[in-house]
Amino acid sequence: MKSTIIILILIVLFNIDASGQAPKGEFKTMHIDKNRDTIALNRSYGDWWFGARGGPSALLYFGDLNLFQFPGEIENPFNSILNYSSGSGLGYFIGLTAEWIPVNEVWGAGFGVNFLDKRTFTSETRPIQDSLDTKYEVVGANSFVNLNLYGRYNFPLPGLHGLIGFDLDLMVGDDFKQRKKFINTGDISQDQTVAINNLKAGIGFHIGIGYDIFSADIINWGRLMMTPFVSLHIASSSIGDNDSKWNVVYGKAGLAIKLGKDKILYDTLKYDPLFEPPPAYFASVQDSRGIEFAKYIPAEALPSATIDLVRNPVLLGELRPSELKETERPKVTTPETPLINVTVGQANQFRFPTSTSTGLSKDVKEYLDAVANYLLANPNAEVRIVGHSDNQGSLSENTERSRARANNARQYLIARGVPGGKVLSTFSGSLSPVAPNNTEAGRRQNRRIEIVISSK
């Protein structure tokens, strides 16, 4: 029966999809040394962890524990053998552990030694058919050194892992007391100390599950990890007196505290005394119209906007007009009256034929030509272009399409001689529809650019 259970457990473990892996635990810390150099420490988990563990255990014994009726009178011809077939008890364990957990690997390994594994139990015989209805009870409090070697399987959930391995039990201390009870005469008992002479090494098997919890950073050197775990053990008898086979099944619930040295890669950025930080720019937007939400639209990420920053020109020197070559003289052209009328302060919308199209149509270019002429003729005017998309695609795809539509219009104006500082382009993806997206007509209304001219 025991071998069948072991085979089934092995089949289940080896057929699990190996999609889990040990986590990297990567992060970076920065330090300034005495030379004012910046030292970057790129840290990740190391492969080895060492620590201590402990916790309680619950035990069930089964099989045959055969003890003499009169433990101190082995030569007595009337000394019979008493059989105990089952028992139960509690215990605790304290020990050390070492684990090899290679980063990004599914399997690891570990070794542990519980130098104090205390196990207690009680068991009773069936009542003897006599006039006093006598029965016997044995109380054991045994001390073991428990060695275990195990493999570790990392599940897809980071930190969660399974354990499977083998145990070796070495009994280093025994305290057996056998008690004779006379039931029919009242609560009268006789205690006798039982000496165990034939001790054996108990061989066992265990499975379990644990969960690694990061606890603390140790002075930029390593990490402290806490691992609560539970395990189920099956072990053969450590007692061989009178052909005893006192097997045990027990469960442990414990906590391991492990320390591991990090893998550290150093990167040094030398101090530059000539470095000057770039000037800081601030932008603010005020909208007195308030904010209104028509409905909730789930989003993967917020769309962004681009704002061109124009520095003031720096005067490096002067040239006399006579020093300029004819080809170097700036050409000034008088703005022509636009063939298409532009409207100031009002949004003009232009649609795109498909969800993926971002190129400018003929009517958009004609209107942008008129806008360029107006901006060149009116130095205090500027234009704002907003790109939009329908909902056909992911949020990132729709955001990129709206950005490309607005940027194409902006670049078109710049190519016509409009300064970049007079053209502001933004985009909002599919987050600002003007019509329902459940029809092609509605989607066509939504994939658009809006062009608004304003005067300062």
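Contour minus end-to-end for residue 378 and residue 141, with contour as 0.36 nm per residue of separation and end-to-end as the Cα-Cα distance?
Gain on stretching residue 378 to residue 141: 75.4 nm.
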* Asked: What share of the DSSP beta bridges in the stretch 328-455 is antiparallel, in percent to the nearest 5?
  -> 65
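Would you mind counting up the charge near residue 47? Only other residues with Cβ under 13 Å from its Cβ, with Lys and Arg at +1 and Asp and Glu at -1. List each step's numbers first, then the result.
Numbers: positive: 24, 152, 223, 258, 261, 263; negative: 99, 105, 262.
Charge balance in the 13 Å sphere: +3.
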* **Violating pairs (Cα-Cα greater than 18 angstrom) within the set 118/252; 28/261; 24/252; 180/245; 34/261** => 24/252; 180/245; 34/261
* Structure fact -> Taking every other residue with Cβ under 13 Å from the Cβ of residue 260 and scoring Lys and Arg +1, Asp and Glu -1, one gets +1
* To do: Treat each spin label as a single point 7 Å out from the Cα along the C-beta direction, and report the residue 41 to residue 115 distance in nm.
  => 3.1
* For the stretch 33-113, which GluC sites (Glu not before Pro) are in a loop by DSSP, counting at most 15 other Cβ atoms within 10 Å? -> 73, 75, 105
* To do: Please compute the net charge surrounding residue 177, taking Lys and Arg as +1 and Asp and Glu as -1 over other residues with Cβ under 12 Å from its Cβ.
  => -2
* To do: Take the alpha-carbon centre of the stretch 379-417, take the same for the stretch 73-115, and report the distance between them in whole Å.
  => 72
* Packing-based exposure ordering (other Cβ within 10 Å, fewest first) of 80, 389 -> 80, 389
* **Hull-based mean projected area of the stretch 207-275, where the convex hull spans the alpha carbons, in square nanometres** => 8.1
* To do: Please figure out what share of the DSSP beta bridges in the stretch 380-456 is antiparallel and state it in percent, rounded to the nearest 5.
  => 60
* Length gained when the stretch residue 179-residue 100 is fully extended (0.36 nm per residue, less Cα-Cα span) -> 23.7 nm
* Viscosity 0.890 mPa s, 25 °C: Kirkwood-radius Stokes-Einstein D of the stretch 328-455 over Cα pairs, µm²/s -> 163
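Read-outs: derived from the displayed coordinates by stated rules, not from any lab. Nothing here was measured: the structure is a model prediction, and the numbers come from that model. As a convention, Cβ positions derive from the backbone with ideal geometry for all residues, glycine included, and neighbour counts pool all protein chains shown.
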